[in-house]
Amino acid sequence: MLKNDYHRLLKRQLLKAGLSETDSPELASFIKTVNEAYSSFDKDVYHLENVLELSSKELFALNEELTKDHNKTKSKLEHIVSHIGDIIFETDLEGNFTYLNRAWEKYMGCSVKKTLGRNYKEFIPKKNVEENKKRYNFFNKKKTVFVFKLIKNDKVMWFELKAQLFKNTDNEAYGFIGTITDITNFKEIELALHKASVSKDEFLSTMSHEIRTPLNAVTGLSNILLMEDYLPEQVDTLKALKYSSEHLLGLINDLLDFNKIKSGKVDVIEKEFSLVSFLDHIRDQFSMQAVKKDVRFKLVEENDLPEDIIGDKLVLSQIIQNLLSNSFKFTEKGCITLSVRNQGVLNDKVTLGFKVIDTGIGITESRQETIFESFVQASSETAIKYGGTGLGLSICRRLLRFKNSDLEVSSKLGEGSTFFFNIDFKINPAKHVLTSKTSNLKSTYKPLDVNVLVAEDNKMNVLILKKFFANWDVTYTVVENGAEVLKEFEKETCEFDLVLMDLQMPIVNGYEATKGIRKLADPKKANIPIVALTALAQTDVKEKTELHKMNGFMGKPFEPNKLYALLEVYSHS
């Protein structure tokens, strides 16, 4: 018979086997050992069950806590995203929306629920898609950023779209994620600034023409008077008149040129010119000022200067004239020297060192750098006493920096100043030594066999041209506007060699008149040379004259030598 305290599994197994502990002492001992093992195993299982139950409860509690945190974080993120002003979107590879935040509803007027699953092109007006096919097809790129506009309820809105391809865990392209930002305010400011810039340029252009026109007349007439016979005692008066008009014109040019240089609108024109003639012109121009101010002016040439150089003559002239004008302005006694030195030739380039040395009022050390700033002079007393715009040195430095050079100064208060710079020019290796030449105030001109049509509405400019033409035996016809120009070309007797076309005329301006001429059926008339007459700077008119198929332009005031050279090109003599 089995004991009642045996383990239930052991009892079942002993009964099944027909065994009893009474069968043998050895069997009884074995059964006892097995019974103890079963009991010990039960205790272990019970303990493990208790442990697992406790762990399960802990895991359940932890899972509930994590779920709460997840839902809380998700709720926060959804709240943040839904209140972000920018549109946040997600699409598949074809551009069908898979996610959108509430900002979409604000800008597009369509619910997120009704938008999901639809393609982005459905929400862009057809006109915009057709006009901007390439720009709107951004779902074939890995990354894209562009600006586009939409017209909604007659209001133009500007947006910046940023989209980027994203991939799944298997590194396969899955779709696009990005943002659409309303930049209407920024774009309107940008457009307003552009409009203001255009208005400023138009204002400067208009003021340039209106102010320069009477000054051009004064300068032109002074040139005419100096070309004609005059009394010996009148020469100083005529020179003073010419200098004063050119000086006033220079102040205006400073303001206009500074605006162009600051905006980077500087054309670099490199042509071969005579350094000899250039320096002679500078000598003649400032020798008259030296006599007037009772100071000495010297031009020092060192180390065999090349006779001809290749570079921008206009820029060099502007720099030298600004520096010398400054020196003459601030020097009451003593000497002003322009020194030009050949610093060496390398690879068909010559380095010229320029120095302008004066014995004027000088500049304190603390002000020697600030004088190169715009509208700044050495002191307020200087500005009051000597005048000027305070732009000359700033313009010089900016121009030189365009040429990879710089303007430097050495000065002591009360002892004078030295402004100096080095600049490279290309040279013709066959030409080397500077030879001395002189130029006369009154030049001799040969008669010209040329028939010119002049379109100019300003009476003073017409008077100046007539005086020049009379000296050169030029045949000419004058009309006052573009409409009259076109009438001249309707005549059978129209046999002009050249048209001098003012750009700003009433009724029909110079550009429109030129356009009309270029459309004429008669090829001879349609291809007649047309040269613009303008008081504007070169950078203002170059592109426009080329666009309207003009053959060039002539600046005002008219320089006799340049005007004569132009007419000589089209002369039959």
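Some values worked out for this structure:
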item	result
Length-normalised contact order for segment 451-569 - Cα pairs under 8 Å, 6+ apart - percent	22 percent
Charge dipole magnitude, Cβ of K and R +1, D and E -1 - segment 286-334, Cα centre, debye nearest 20	500 debye
Label-point gap, in nm, between Phe60 and Lys446 - each point 7 angstrom along Cα→Cβ	11.8 nm
Shape call, segment 8-78: gyration tensor on alpha carbons, a/c limit 1.5	prolate
Whole-Å distance, taken between Cα centres, linking segment 173-191 and segment 312-341	54 Å
Set Lys487/Lys542; Lys329/Lys467; Lys329/Lys542 screened for pairs whose C-alpha atoms are more than 31 Å apart	Lys329/Lys467; Lys329/Lys542
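Taken together, the values in this text are just the output of simple stated rules run on the coordinates, not laboratory data. All values derive from a computational prediction rather than experimental measurement. Here Cβ is always computed from backbone atoms with ideal geometry, including for glycine, and neighbour counts include all displayed protein chains.
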